[in-house]
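Take a look at the structure set out below.
Every number here is computed from the coordinates shown, using simple stated rules; none is lab data. Remember, predicted model here, so these are calculated numbers, not experimental data. Here Cβ is always computed from backbone atoms with ideal geometry, including for glycine, and neighbour counts include all displayed protein chains.
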Amino acid sequence: MTSRAAATRYARALFDVVLAERGDVEAVQQDLQQFADLVSGHEGLAAVLGNPAIPASRKHTLVQTLLERVGLRTGVLNKLILLLASRDRLMLLPEIAIAYRARVMDHQKIIRGDVTSAVPLPPEKLRALEEGLAHATGRRVMLDAKVDPSIIGGVVTRIGSLVYDGSVTTQLQKMKQALVEQSQ
């Protein structure tokens, strides 16, 4: 099993338990991300927890001490992190955090997308685009704005595998193709 598949399974199990216990899925997401950032943000800590030569029992003790100091809000998350430590799978934490965030967003009917424009979009235009896409998709849309001057004008929006391409570059290519087809 790949690390991504394992991380997805752990994230799904955590989400299902938190939901079954009527817990705060967002608070768990924040705590999980905080702990994952703590581990990955300290080279020495990440090196120790990722070192296969160090016994899992020592890692479990270290993580237990960290959890007591950090003070995460949910016992379920503490149990998962300790389980990962005892199985020597703590290096999955960043991927588990990503997979868990995706589950929470899906649960809240939020989808992420990217919008690329030739010039920076004003906040009100970005909000209007998000609202239009929310109406079209039936979900709340959160867009990450990017700038790419090569599209000349207009915008290209990607939500998952769906692409709305309203760029000037694409329109010019379509016009060129139409002219080529007409001249044949």
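Spin-label pair residue 108-residue 53: with each label point 7 Å from Cα along the Cα-Cβ axis, the two points sit 4.3 nm from one another. Check cross-link reach from residue 59 to the lysines: straight Cα distance under 22 Å, and skip same-chain residues fewer than eight apart. List returned: 79. Over all other residues within a Cβ to Cβ distance under 14 Å of residue 86, the charged ones net out to +4, with Lys and Arg as +1 and Asp and Glu as -1.
Counted as membrane-span-like here are DSSP H helices of the chain whose alpha-carbon atoms extend 24 Å or more along the helix's own axis and whose Kyte-Doolittle mean is 0.5 or above; these are 3-20.
Note on residue 125: aspartates and glutamates with a C-alpha under 16 Å away, same-chain residues under 8 apart excluded, are 114, 144. Electrostatic bookkeeping for residue 134 treats Lys and Arg as +1 and Asp and Glu as -1; over the other residues with beta carbon under 13 Å from its beta carbon, the sum is +3.
Counting only DSSP beta bridges with both residues in segment 82-184, what percent are antiparallel, rounded to the nearest 5? Rounded to the nearest five, the antiparallel share is 50 percent.
Here the chain was treated as a single set of alpha-carbon atoms; its pair distances binned every 5 Å from 0 give 1, 7, 13, 14, 12, 11, 10, 9, 8, 6, 4, 2, 1, 1, 0, 0 percent. Between residue 9 and residue 181, what FRET efficiency comes out of the Förster formula 1/(1 + (r/R0)^6) with R0 = 45 Å and r the beta carbon distance, rounded to 0.05? Taking R0 as 45 Å, the efficiency between residue 181 and residue 9 is 0.35.
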